[in-house]
Amino acid sequence: VQLQASGGGLVQAGRSLRLSCAASESINSINDMGWYRQAPGKQRELVARITSGGSTWYADSVKGRFTISRDSAKNAVYLQMNSPIPEDTAVYYCKASLSPWKNYWGQGTLVTVSS
């Protein structure tokens, strides 16, 4: 599975931004898809994930502000970032998990939130 992340850029705090992750094949067979981020000098962390059944999970730091969704017709997963704050500045990566030992990563997309 190849993943193409897009939608990053410079955004002012409080504005909105939507990240997209396009998969090279049907995501119906992908159990779990998620968005991770890595800020400078920090470890990569899970931001949000969504299962094939539509269940979602969010990191406490983004809960209530970010929304993850998936569109099977477009083979894509999205991360809607509302009310971003400077601490959300990071390179964002999407990940597809077909199984615990079969994971695929997209290239990152940089999000910079200005105050």
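Give the shape of region 38-96 as rounded, prolate or oblate, defined through the alpha-carbon gyration tensor: a ≥ b ≥ c are the square roots of its eigenvalues, a/c under 1.5 means rounded, and otherwise the shape is prolate if a/b is larger than b/c and oblate if not. All intermediate terms of the calculation are to be shown ahead of the outcome.
Values: a/c = 1.96, a/b = 1.64, b/c = 1.19.
Prolate, since a/c reaches 1.5 and a/b exceeds b/c.
When only alpha-carbon atoms are used, what values of Rg and Dmax, in angstrom, describe the chain?
My reading of the Cα-based Rg and Dmax gives 13.2, 40 Å.
Straight-line reach from K95: which aspartates and glutamates fall under 16 Å, measuring Cα to Cα and dropping same-chain residues less than 8 apart?
Partners within reach: E25, D32, E45, D71.
Taking only Cα atoms and a 10 Å spring cutoff, compute GNM fluctuations for the chain and point out the largest among Q12, Q43, Q80.
Q43
Run the dipole for region 1-111 about the Cα centre, Lys and Arg Cβ at +1, Asp and Glu Cβ at -1, nothing else charged, and hand back the magnitude in debye, nearest 20. Before the final figure, lay out each step's value.
Numbers: 12 positive and 7 negative charges, 9 e Å.
With Lys and Arg at +1 and Asp and Glu at -1, about 40 debye.
With unit charges on the beta carbon (Lys/Arg positive, Asp/Glu negative), name the residue among S24, W57, G9 whose Cα is farthest towards the positive pole of the charge dipole of region 7-78.
Farthest towards the positive end: G9.
Can you return the lysines within cross-link range of K102? Criterion is Cα-Cα under 23 Å, with same-chain partners fewer than 8 residues away left out.
In chain and number order, the partners are K74.
Can you tell me which of G14, G41, G53 moves the most in a GNM of the chain? Springs connect C-alpha atoms under 10 Å apart.
Residue with maximal mean-square fluctuation among G14, G41, G53: G41.
So if R0 is 30 Å, what FRET efficiency would Q12 and S52 give, r being the distance between their Cβ atoms, rounded to the nearest 0.05?
Result of the calculation: an efficiency of 0.30.
Filter the trypsin sites (Lys or Arg not before Pro) in region 2-66 to those in DSSP coil with at most 16 other Cβ atoms within 10 Å of their Cβ, and list the result.
Numbers: sites: R15, R18, R37, K42, R44, R49, K63, R65; in loops: R15, K42, R44, K63, R65.
Here the trypsin sites (Lys or Arg not before Pro) that fit, given the DSSP loop and packing criteria, are R15, K42, R44, K63, R65.
If I stretch the segment between A73 and L98 completely, what's the gain in nm (0.36 nm per residue apart, minus their alpha carbon distance), one decimal?
Numbers: separation 25, 0.36 × 25 = 9.00 nm, distance 1.83 nm.
In short, 7.2 nm is gained.
Rounded to the nearest whole Å², what accessible area per residue is found for the chain with the 1.4 Å probe? Can you show the working numbers first?
Working: 6040 Å² over 115 residues.
So the chain comes to 53 Å² accessible per residue, rounded to a whole number.
On full extension of the chain, what length is gained from S83 through E25, given 0.36 nm per residue of separation minus the C-alpha to C-alpha distance? Numbers along the way, then the final one.
Working: separation 58, 0.36 × 58 = 20.88 nm, distance 3.17 nm.
Residue separation times 0.36 nm, minus the Cα-Cα distance, leaves 17.7 nm.
Please work out the C-alpha center-to-center distance from region 1-51 to region 55-96 and express it in whole Å.
What the calculation gives is 6 Å, centre to centre.
The values are calculated or read from the model by the stated rules, or taken from the named source; none is laboratory data. From a predicted model like this one, the values you see are computed outputs, not experimental measurements. Quick reminder, even Gly has a Cβ in these numbers, built from the backbone with ideal geometry, and neighbours come from all protein chains shown. Ligands, DNA and RNA are stripped out before the accessible areas are found, and what is left, the full protein with its side chains, is counted by its heavy atoms. Shrake-Rupley method; radii C 1.70, N 1.55, O 1.52, S 1.80 Å.
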